[in-house]
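A.B. asks: Structure provided below as C-alpha cells; questions to follow.
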Amino acid sequence: MTRALRVAVLAALLFVGCKTEGPDATPEGVVRELVERLQRLNGGEQDAKAAFELLSQRTRENLEDRAKRYTAASGKRIDPEMMIAPQSFVQRFDVRSYETVPSGPGFAVVRVHGVAEGEVAEVHCVFEDGGWRVDIELPPLAPVVVRPREEAPPPRR
C-alpha cells in the first residue's frame, strides 16, 4: 500500500470515527437548540424554518392548521413556520441546567432549571423521524362555524 493511499484510508477512518451528533440526539440537546433558535427568531423565514424543524409532528400539524385557517380568513398565504411569533416567545428565566426525565419509550420531559431557586419549566419531547423533537401542547383550533346566509330583504318601492 502506498503512503498516499494509507494517509487517505487513515483520514477516511478518522472522519467516520469523528461523526458529531446533531442537537436532536438527546432530549436536552433539542430543547437547548430550540431555545437558542427561538432567541434568534426575528420574523425571518430562515430562522422560523430552523425552529420549526425541531418541533414534533403533532406540533407542526397544529401550526399547519393554524396557517391554513389564517390564509383562508385573510386571503394572504402564510407558511406554518411563520405561525411561530417571536413576540410570543419570552424566556422566563436564565437557564442554569437541563435535566432529562424519561417518561416512557420514545418520550421524555426536560426540566429546565433557572438560576434562581424554584425556577423550573418542563418541556415535553418525543423521539420521531430518527431524532428528538419538542412537543408543544397547543390548544386545538375551534371548529369553523359557517352561518347560513340571510337573504336580502326585497327592495322598497
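Read-outs throughout are calculated quantities, based only on the coordinates presented, and are distinct from any laboratory measurement. Everything numeric in this text was worked out from a predicted model, so none of it was measured. Positions of Cβ are generated from backbone atoms using ideal geometry, with glycine treated the same way; all protein chains shown enter the neighbour counts.
A.B. asks: Under a 5 Å amide H to amide H cut-off, with H placed in plane at 1.01 Å, what residues pair with LEU54 once short-range neighbours are removed?
C.D. replies: When sequence neighbours closer than 5 places are left aside, there are no close amide H contacts.
A.B. asks: Under the rule of at least 5 residues apart or a separate chain, name every residue whose amide H is placed under 5 Å from the amide H of GLU119.
C.D. replies: So GLU119 has HN proximity to GLY114.
A.B. asks: Could you tell me how far the Cα centroid of the range 108-150 sits from the Cα centroid of the range 27-88, in Å?
C.D. replies: A separation of 12 Å, based on Cα centres.
A.B. asks: Going 7 Å from the Cα of ARG69 toward and past its Cβ, which residues in the range 121-157 have a backbone nitrogen under 16 Å from where you end up?
C.D. replies: 137-147
A.B. asks: What do the square roots of 5 times the Cα gyration tensor eigenvalues come to for the range 21-134, in whole Å, largest first, as semi-axes of the equivalent ellipsoid?
C.D. replies: 26, 17, 12
A.B. asks: Further question: Find out how many positive minus negative residues lie around ARG37, taking Lys and Arg as positive, Asp and Glu as negative, among other residues whose Cβ is under 14 Å from that of ARG37.
C.D. replies: Numbers: positive: ARG32, ARG40, LYS49, ARG133; negative: ASP24, GLU33, GLU36, GLU45, ASP47, GLU53, GLU81.
Summing Lys and Arg as +1 and Asp and Glu as -1 gives -3.
A.B. asks: Moving to a separate point now. Could I have the simple spin-label model distance between VAL120 and ASP94, label points 7 Å from Cα toward Cβ, reported in nm to one decimal?
C.D. replies: 2.2
A.B. asks: Residues with amide H under 5 Å of GLU128's amide H, sequence separation 5 or more or different chain, H placed in the peptide plane at 1.01 Å from N; which?
C.D. replies: Sorted by chain and number, the residues that satisfy this are ARG133.
A.B. asks: Report the gain in length on full extension from LYS76 to GLU45: 0.36 nm times residue separation, minus Cα-Cα distance, nm rounded to one decimal.
C.D. replies: Computed gain between LYS76 and GLU45 is 9.6 nm.
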